[in-house]
Amino acid sequence: QVQLVESGGGLVQPGGSLRLSCAASRSIDSIYTMGWYRQPPGKQRELVATLTSGGIINYIDSVKGRFTISRDNVKNTVYLQMNNLKPEDTAVYYCNGYYKGQDYWGQGTQVTVSS
């Protein structure tokens with residue numbers, strides 16, 4: 001099993017930045033894919049960014065050039081650096097790990113972009 005714990009959410013003004021962290025309970029090298037998803041108010045959860053153990057990265061179009069997913073194998077932590085935040089980025093952000101055929105989720109962290 002994998003436990004994932006997110007942190008780093010909060011309230012930020014448009015144009016601001018936040019960095020989300022996701023700490024895993026096991027080596028992230030052993031987790032096939034780590035990713036970030038988000039669920040805006042009243043909407044379905046959507047993929048934001050993924051990072052495979054082989055280093056392949058994908059982003060949804062709306063965050064390309066603004067968000068960066070990265071990992072620290074020593075700390076077993078995956079990050080999402082979010083720059084130039086927009087009100088439409090407001091959502092609960094969830095960390096995901098796909099390990100041995102199962103999806104694991106963190107508890108979520110709220111990101112609110114508002115002036």
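The values are calculated or read from the model by the stated rules, or taken from the named source; none is laboratory data. All values reported here derive from a predicted model rather than from experimental measurement. Cβ atoms come from the backbone with ideal geometry, glycine included; neighbour counts cover every protein chain shown. Surface areas here come from the heavy atoms of the whole protein model, side chains and all, with no ligands, DNA or RNA. Shrake-Rupley method; radii C 1.70, N 1.55, O 1.52, S 1.80 Å.
Among the residues of the range 103-115 satisfying the criterion of being in contact (Cβ under 8 Å) with a residue 60 or more places away in the chain and open to solvent by 30 Å² or more (accessible area, probe 1.4 Å), which is farthest from residue 40 (Cα to Cα)? Across the range 103-115, the extreme among qualifying residues is 104. Of the residues making up the range 30-56, those that are hydroxyl-bearing (Ser, Thr, Tyr) and under 9 Å from the mean Cα position of the chain (by Cα) number 2. Kindly indicate whether residue 60 is farther than 18 Å from residue 108 by Cα and surrounded by 18 or more Cβ atoms within 10 Å (Cβ to Cβ). Taking the combined requirement at face value, the residue does not satisfy it.
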